[in-house]
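Asks: Here's a structure for you.
Here, each number is a calculation from the coordinates, and none is a lab measurement. Values in this document were obtained by computation on a predicted structure and should not be read as measured data. FYI the Cβ positions are ideal-geometry reconstructions off the backbone, even for glycines, and counts take in every protein chain you see.
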Amino acid sequence: MTLPDFLPKSLFAAVLLGLFLPITGRYLMLGRSILLGLAVPQMSMAGIALLFLGSALGWTWCAAFEDEGARAAAGALMLSVPTLLLLAVVQRRGRHLSEAWLAVAYLASVAGTNLMLSSNAVGETYLSDLFHGRLILISDAALKLLADMLLLVAAVVIALRRRFLLVLTDPDFAAVAGVRVTGWIMLLALLNGCVIGASVAAVGPLVTFGFLILPALCASTFTRSLRAHLIGSMVAGVLTAIAGYKIAYRYDFPLGDSTVGFAAALLVVTRIGDFLMVRWAGKM
């Protein structure tokens, strides 16, 4: 992907993430599955570690992924997509997946990733960059995959937003109205898995989770409608990307940590501002 000289790849990637990842995060919030945004990116990292381990051990099915970027993308998607599809099936069968099990999945993924990388120096170096937010080192191939995936999924989600909102907010009414709720939930899980997998392969789990959840939480503080929440989430995401880039450039901080740190600070400021406004309005 060729970009003009005045627009660094890292800034372009951050703006893409800030603009489109909050859309996926918003659907996770509506489905009351915020912790999936934490557990699934880490499971994607475990998939990447598995492919690096398989390549080092000479597994034949890993031989097709000679490039590190392709190996990372395949490994991330290999676990993120099936995991979300499986969870969607479990939830549609009326079984509630508790937060404890998501915590177990997160911890198991961290431990499994570290164990698979313990004897693989190449994979350990590559995933170490991803753990710290690989925005500044993003390659042309990773940026192209990220842009293509985010634009494609965003177009599908926005085009079908009314149906997705219906099955998430009122599945019983949707079923009575003749909507195939399970099929739509599975489609949304597939789209979310593709977005999370591509994002983790490009920039790592920290930045992915930060852009998934924090801008959407910020927007929920001051918006009162679903449309306003969507627009507010995207605006907060872009603001986070630009401000985080400027902070990292000005103070020589890691770009991924700067964006997530700014998003967390923005959330705190919005919540304090909302609290003070409510208190002030109550005294009027």
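Asks: Near the amide H of I136, under 5 Å away, which other amide H atoms are found, from residues 5 or more places off or on another chain, if H is placed in the peptide plane?
Replies: Here the answer is L255, G256, since their amide H atoms fall under 5 Å of that of I136.
Asks: Per the Kirkwood definition applied to all pairs of different Cα atoms, how many angstroms is the hydrodynamic radius of the chain? Mind dumping the intermediate values first?
Replies: Numbers: mean 1/r = 0.0512 Å⁻¹.
Result for the chain, one decimal place: 19.5 Å.
Asks: What is the Cα centroid distance between segment 220-284 and segment 156-199, reported in whole angstrom?
Replies: 27 Å
Asks: With n ≥ 4 as the cut-off for DSSP H runs, can you work out [θ] at 222 nm for the chain, using -39500 (n - 2.57) per run divided by the number of residues, rounded to the nearest 500? Working shown, then result.
Replies: On the way: 12 runs with 230 residues, N = 284.
That comes out to -27500 deg cm²/dmol.
Asks: Just want to confirm a number: the relative contact order over the chain, from Cα pairs under 8 angstrom separated by 6+ residues, in percent.
Replies: On the way: 389 pairs, mean separation 89.6, N = 284.
Over the chain, the number comes to 32 percent.
Asks: Are there GluC sites (Glu not before Pro) in segment 48-118 that DSSP marks as loop and that have at most 12 other Cβ atoms within 10 Å, and which are they? Walk me through the intermediate numbers first.
Replies: On the way: sites: E66, E68, E99; in loops: E66.
Hits after loop and neighbour filter: E66.
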